[in-house]
Amino acid sequence: MKAFRLDELEAERAANDGAYLQFVRERNMSVGLYALDAGELDPQQPHQQDEVYFVVSGRASITVGTETTQVGRGSVVYVPAGVAHKFHHITEDLRVMVVFSPPEG
């Protein structure tokens with residue numbers, strides 16, 4: 001079993017000065033914590049993997065392809081592989097759990 005505490009993951013991510021912390025990597029998937037602060041720009045490029053975003057905290061909009069929606073705590077968004085996507089209009093610090101399948105990178 002692997003079990004994690006969100007506060008510990010956030011502390012580790014912040015200590016490493018990165019927006020993304022991968023904390024699970026298995027044969028068929030990987031999971032990470034992604035952080036963007038209010039007003040920050042999302043530098044993401046399309047990925048080669050399918051993704052699922054689970055918003056842990058914060059508020060923003062996300063555009064996936066040509067569709068845009070607002071997200072907040074509890075929102076879940078699926079992004080198909082190869083599709084352009086970005087968080088924007090981040091009004092509250094955003095913390096998002098990201099599941100990649102197959103594993104990223």
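The values are calculated or read from the model by the stated rules, or taken from the named source; none is laboratory data. All of these numbers come straight from a predicted model, not from anything done at the bench. Cβ coordinates were reconstructed from backbone atoms using ideal geometry, including for glycine residues, and neighbour counts include every protein chain displayed. These accessible areas exclude ligands, DNA and RNA; they are computed on the full protein's heavy atoms, side chains included. Shrake-Rupley method; radii C 1.70, N 1.55, O 1.52, S 1.80 Å.
Which members of the range 56-74 meet the condition of being more than 12 Å from the chain's Cα centre (by Cα) and open to solvent by 30 Å² or more (accessible area, probe 1.4 Å)?
Within the range 56-74, R59, T63, G65, T66, E67, T68, T69, Q70, R73, G74 qualify.
Give Y78, Y53 a once-over and let me know the one that is of a type outside the set (D, E), within 22 Å of R25 (Cβ to Cβ), open to solvent by 30 Å² or more (accessible area, probe 1.4 Å) and not in a loop (DSSP other than H, G, I, E, B).
Y78
Would you pick out the residues in the range 19-50 that are free of Cβ contacts under 8 Å to residues at least 60 places away in the same chain, open to solvent by less than 90 Å² (accessible area, probe 1.4 Å), in a loop (DSSP other than H, G, I, E, B) and closer than 18 Å to V99 by Cβ?
If the condition is that a residue be free of Cβ contacts under 8 Å to residues at least 60 places away in the same chain, open to solvent by less than 90 Å² (accessible area, probe 1.4 Å), in a loop (DSSP other than H, G, I, E, B) and closer than 18 Å to V99 by Cβ, then A19, D42, Q44, P46, H47, Q49 are the ones that fit.
May I ask you to list pairs of residues, at least six apart or on different chains, whose Cβ atoms are under 8 Å apart, with the first in the range 70-99 being of a type in the set (D, E) and the second being at pLDDT 95 or above and part of a loop (DSSP other than H, G, I, E, B)?
Pairs that qualify, where the first residue is of a type in the set (D, E) and the partner is at pLDDT 95 or above and part of a loop (DSSP other than H, G, I, E, B), are E92/A38; D93/D37; D93/A38.
Using the structure shown, decide if A60 is out of contact with any helix residue (DSSP H, G or I) (no Cβ under 7 Å at 6 or more places or on another chain), in a strand (DSSP E or B), more than 15 Å from F100 (Cα to Cα) and among the hydrophobic types (A, V, I, L, M, F, W, C).
Judged against the criteria, A60 is a match.
Test E92 against the stated conditions and say whether it is of a type outside the set (A, V, I, L, M) and surrounded by 12 or more Cβ atoms within 10 Å (Cβ to Cβ).
Yes; evaluated as a whole, the condition is true for this residue.
From the list A81, A35, A60, which residue is touching a strand residue (DSSP E or B) at 6+ places or on another chain (Cβ under 6 Å), among the small types (G, A, S) and closer than 24 Å to K2 by Cβ?
When all the criteria are applied, what remains is A35.
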